[in-house]
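Asks: One structure is given below, represented as structure tokens, and several questions about it will come after.
The values are calculated or read from the model by the stated rules, or taken from the named source; none is laboratory data. Everything quoted here is computed from the prediction, not taken from an experiment. Don't worry about glycine lacking a Cβ; one is built from the backbone with ideal geometry, like all the others, and counts go over all protein chains shown.
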Amino acid sequence: MRTKFNGMLTLLLALMVQLALAQEKTVKGTVSDESGIPLPAASVVVKETNAGTSTDFDGNYSIKANVGQTLVFSYVGYKKKEVIVGSSNTIDASLAPDNQLEEVIITAQGIKKEKKALGYAVTTVESEDLEQKADTDIGKILRGKASGVRITGSGGVSGSGSNIIIRGQSSITGGNQPLFIVDGVPFDGSSGSANQSASSGAFQSGNVASRFADIDPNNIESVSILKGLSATALYGGEGRNGVILITTKTGSDANKKMEVTVNQSIFFNDIILPEYQDTWGNGFQNVYGAFFSNWGARFDSQATIDNAFRTSILNNFGVEPSVLFPNRPDLDSPTVAYRPYDSQEAFFRTGTIASTSVNVAGAFGDKGSFNASYAHVDDQSFIPNNDLRRDNFSVGGTYKMSNKFTLSGKISLAKTDIRSPFTDASTGSDVTSSTAGTGGVASIWNILYLPRSVDITLPSQHPITGESIWYRGGNDRTNPVWALNNTQDKQSTDRFFTNFVASYEAADWLNISYRLGIDSQNTRGRRVINKGSNDGLHPNGYLQTTSQRFTIWDQSLLIGIDKELSEDFALQATVGATTKRQIFERDGSESRDQIIFGLWNHLNFQNSSTIIEGTVFADNNTTYQTYNEQNNVAAYVSGTLSYKNYLYFNTSLRNEWNSTLEQQNRSQFSPGVSLSFIPTSAFENLRSTNGLNFLKLRAGYGTSPGFPGPYTTRSVISLVPNIFQAPNGNGTTTTSIDNFLPNPDLKPELSKEFEVGLEARFLDNRVGIDFTYYNRDTENQIIQRPLAPETGYTSTFTNIGNVINEGFEIGFDVTPIKTEDFELKFTGNYTQNESSVKGLDDGEQIQYGGLFSTTQNAAINDQPLGVIVGGQVLRDANGNRLVGEDGYWLQDPNNGIIGDPNPDWFATVNTGISWKNWTLNMQWEYQQGGDIYATTIGALVGRGLVGDTDFDRTQSIVLPGIRQATGQPNDIQLTATEAYFDNIGFGIDELLVYDATHVRLREASISYRLPKKWLDKTPFGNVSLTLSGQNLFVKAFNTPDSVNYDPELNSLGVGNSQGFDFLTSWNSRRYGMSVKVTF
């Protein structure tokens, strides 16, 4: 009986096993995001078992499971999804993005933290918002993408730099640019070339590049922007202006097989020209004349005019033009038709930007990953002979060894060449550069205000001597076409950037790592003008060559702790030490008086010497050649103590020692603390699907020093070559000390900041808001103050004054419509910052920036930092402008505040629409307030070129105001020439200040991703095509409409100057297409 029973039991068990085996089957499918893009390396697990797999590069998976079991799909940054296995053998899973407040953020010193734990504001920009852009500079690409960050460029010239300011300027004379960190290592993003000091007449070129132009945007994984001092305290003084953390692609997200991504883009670059009038021509007082003004006779008033080009050739060379240009007998005609020419359109061209990038990523099984990339950019500007060419190559990876060591590293090489004709600063009232400071050196931008009756296509260069020829009788102005072909600013930069990290997992909660970073760059510059400009400082030719080398060595030892202390408490901490060494050296040569036209070699010039910085002004005898070294040593600790995942206390403590101060002042302690509290996690009943989903309250406080540059506390001896020159040409070299009195008691500036904020999400995560209030006080400002002549010095550095910045930042996102195939989403940000200067002596003004010591920025008690000071119109007690008996506005004998370049507020709104495989995006921006001193508008309006001056010029004009002599309203009549040329265009400084309020369409794009089924039998995993444009529409509300003015520019490049347009550049519109392919 027992045997029979055992046999039946065995049969029953076999039957059950057979049934179970019959229920187990192979399930296949694809894991993708909501838009259908495959998710490689996504996890697929059979719930409550050890069975699992990962998707391949195309998001495909295959796993064995029983009917009734549950498959769990998960991917970093997305919500988990569970699906019960049914009768179908195919299960596709679409994952929704997880709450972005749960994401992991890279913070100071490369420390990764959950965003919900942070007690300060941070903005992250992902790769999809950075790659395939028409701009090649990451600084320009970031415009409008983060609250609290204001980015202005020096125009549309290829290779021009970007000025980045986070939460307003905090230092009067110190640096205000943020710190760039690339893969955990400091990255120099400064600019520096011969004759680029925008605070003096030494400034020459308007094409000043930023060195973060060496970064390939297509190789960036993400950018995190740390704004407050509680976030940046671990970087000490270097991070006090904010930190931009760039993480490049590493291949960590790649599938176990190799993945290749190719981006190919082609964009076009068009200058946005003013709307010129075609009614009036060259001359003054409604009478034609071959001048540099357009207040002449109407075009319909006479059929012909004298041939000014022929007259100029006869006057200066004594021959008919056809003698020089045998194929142009028409040039000998005594008269030519009096008509308008579109010389500006003939001068410029449509530029092209071609970009190719290839990224290869893969994995070493479960041990690590690798990444290699190459990118080439060829940016041809709308200005002939202006271009940027860049090649980037990088290779790196991570490998986890069996002995608990993990090694990672990356080597990056960049070669960047920027070339441009002279785009020098000019006031628009002349084209020469002289000690009187009346303009730039042979700048091409004089084409903008060329009279309408002048044909720019006429010959510009003497066929024998090579000199410039033009229509003016004395041939005393440089033809802009000649400047295109005979002037050049060129920078060639070779850059080597690497980082290496070795880490050891001492325990599951303890990690020890060593990090080495090297950033080495060598920039060679050349600035040259052939002889024959007949204008400016160097009519006989000039050549300047420079070499600049800058190296950063950065080493860190870090101990990381990540441990659960109890069921409720957890600790994440880092203890570290960093040493940083910066070595900067530069030298150069300059030569004058060219021998053979067109040969750019120092041996081809009669007089050569080492560079005297600021050759524009003979009384500037500062030697250009220099060498300096800075060392910074720091020890720090950072920690986060969490309680039940809803309360986080963060602290960071850093002490650093900087070599630019005397020993007693070198040590500086920088604490930072912050608190993050999540009520929706502490009190579950606060949360509801259609109500409040998430709420976080945060507060932070931090401090940071601001160290001066080297050699402000000690005297430095300078060698000055050729300061005296004998008749035989022999030069005398002398030694001298600086004119400033060293201050050994100089202390660092100190910034203190408090911020509070909240982050919330509502309505099933369809509405989100991020609000921040901050108050920053930077004391002990380092100021160079004048001294009495009897001291033997002109100035000294001292600590005095405060700069206070207070503001609000708001970020938001709203998704009003979201279905399986369609989504409408709005995101954006709002920024308001107010600055105020305190603590200076009564009546004291600290002036800086500007050009040629005319209009300048200034620090004045109880005024915003950087107000524009210059000549102002004299007013009566009621604020009315006063007019002299000549009918002209009168100038106040005392200069005063004529503008404030700081905007009242600015905002960005992004609109995203996705429908199936289509995506449409637009980025609109608005700025309220902020003033700009615009010589470009003055030149165009003051010379009568644009549509706003197309009125009946035969009628008299009365300037509004009060006659000073009578106290009665002004009734003195002026001609149009007198009113516009002598007053509005080139009169008192105040008349060139305009409100910079404007709106723009920063970006617009439409993309299409090919359906996956179209690619099933191809080697491609993903193919997308995008049409996009940048700077497509700009409307400045308070400038003349016909100028088409874009106030988002700063002629003085990267630095503290703001609100100045010195006719150095003009913005442009970029548009084109790109293709992205992965396989």
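Asks: Which one of G896, G839 is under 24 Å from P1047 (Cα atoms) and more than 29 Å from the chain's Cα centre (by Cα)?
Replies: Only one candidate qualifies: G896.
Asks: Moving on to the next point. I'd like the full set of residues that are in contact with a Ser or Thr (Cβ under 8 Å, 6 or more places away or on another chain) and surrounded by fewer than 17 Cβ atoms within 10 Å (Cβ to Cβ), limited to segment 815-852.
Replies: Within segment 815-852, F822, L824, F826 meet the criteria.
Asks: Let me ask another. Go through the residues of segment 214-233 one by one and say whether even a single one is more than 16 Å from the chain's Cα centre (by Cα), among the polar types (S, T, N, Q) and at pLDDT below 75.
Replies: No, segment 214-233 contains no residue that is more than 16 Å from the chain's Cα centre (by Cα), among the polar types (S, T, N, Q) and at pLDDT below 75.
Asks: Among the residues in segment 299-313, are any part of a helix (DSSP H, G or I), outside the structural domain of E809 (by TED's automatic domain parsing) and of a type in the set (D, E, K, R)?
Replies: Within segment 299-313, one or more residues are part of a helix (DSSP H, G or I), outside the structural domain of E809 (by TED's automatic domain parsing) and of a type in the set (D, E, K, R).
Asks: Can you find a residue that is more than 30 Å from the chain's Cα centre (by Cα), at pLDDT below 80 and among the polar types (S, T, N, Q) anywhere in segment 434-441?
Replies: Checked against the condition, which is being more than 30 Å from the chain's Cα centre (by Cα), at pLDDT below 80 and among the polar types (S, T, N, Q), segment 434-441 yields at least one hit.
Asks: Out of all the residues in segment 1048-1056, is one or more under 30 Å from G168 (Cβ atoms), among the acidic types (D, E) and crowded, with 19+ Cβ neighbours inside 10 Å?
Replies: yes
Asks: Is it the case that P721 is at pLDDT below 90, outside any strand (DSSP E or B) and not aliphatic (A, V, I, L, M)?
Replies: Considered against the rule, which asks whether it is at pLDDT below 90, outside any strand (DSSP E or B) and not aliphatic (A, V, I, L, M), P721 comes out as no.
Asks: Restricting to segment 972-1023, give me the number of residues that are of a type outside the set (S, T, N, Q) and assigned to a helix (DSSP H, G or I).
Replies: Adding up the residues that qualify gives 16.
Asks: Of the residues that make up segment 1017-1037, is at least one at pLDDT below 85 and within 27 Å of G161 (Cβ to Cβ)?
Replies: No: segment 1017-1037 contains no residue that is at pLDDT below 85 and within 27 Å of G161 (Cβ to Cβ).
Asks: Another question about this same structure. Within segment 749-801, considering only strands (runs of 3 or more DSSP E) that don't extend past its boundaries, which have at least 1 residues that are assigned by TED's automatic domain parsing to the domain that holds T232 and out of contact with any Leu (no Cβ under 8 Å at 6 or more places or on another chain)?
Replies: Of the strands (runs of 3 or more DSSP E) lying wholly inside segment 749-801, those with at least 1 residues that are assigned by TED's automatic domain parsing to the domain that holds T232 and out of contact with any Leu (no Cβ under 8 Å at 6 or more places or on another chain) span 749-762, 767-779, 782-786.
Asks: Could you say whether any residue in segment 492-500 is basic (K, R) and out of contact with any Asp or Glu (no Cβ under 6 Å at 6 or more places or on another chain)?
Replies: Looking through segment 492-500, none of the residues is basic (K, R) and out of contact with any Asp or Glu (no Cβ under 6 Å at 6 or more places or on another chain).
Asks: Of everything in segment 804-848, what is assigned to a loop (DSSP other than H, G, I, E, B) and either of a type outside the set (A, V, I, L, M, F, W, C) or in contact with an Asp or Glu (Cβ under 7 Å, 6 or more places away or on another chain) (or both)? Give them in sequence order.
Replies: T819, E820, D821, G839, D841, D842, G843, E844
Asks: Taking T966 as the residue in question, decide whether it is of a type in the set (S, T, N, Q) and touching a residue at least 24 places away in the same chain (Cβ under 8 Å).
Replies: Criteria not met by T966.
Asks: Consider D821 carefully, then state whether it is among the acidic types (D, E) and in contact with a Lys or Arg (Cβ under 9 Å, 6 or more places away or on another chain).
Replies: So D821 passes the test.
Asks: So which strands (runs of 3 or more DSSP E) are wholly in segment 27-76 and hold at least 1 residues that are in contact with a Pro (Cβ under 6 Å, 6 or more places away or on another chain) and closer than 13 Å to I91 by Cα?
Replies: In segment 27-76, no matching strands (runs of 3 or more DSSP E) lie anywhere.
Asks: S252 versus (1) at pLDDT 90 or above; (2) farther than 19 Å from R654 by Cβ: which is the lone unmet condition?
Replies: (1)
Asks: Another question about this same structure. Search segment 818-840 for residues being at pLDDT 95 or above and among the β-branched types (V, I, T), and hand back the single one that is farthest from R167 (Cα to Cα).
Replies: T827
Asks: Could I ask something else about it? How many of the residues in segment 586-601 are of a type in the set (D, E, K, R) and closer than 30 Å to T551 by Cα?
Replies: Selection size over segment 586-601: 3.
Asks: Continuing with this model, one more query. For segment 549-569, check the following and say yes or no: at least one residue is farther than 25 Å from Q625 by Cβ and hydroxyl-bearing (S, T, Y).
Replies: Yes: segment 549-569 contains one or more residues that are farther than 25 Å from Q625 by Cβ and hydroxyl-bearing (S, T, Y).
Asks: Under 7 Å by Cβ, and 6 or more places apart or on different chains, what pairs join a residue from segment 581-602 that is assigned by TED's automatic domain parsing to the domain that holds N628 with one that is part of a loop (DSSP other than H, G, I, E, B) and charged (D, E, K, R)?
Replies: Note: pairs meeting the criteria are Q594/K531; F597/K531.
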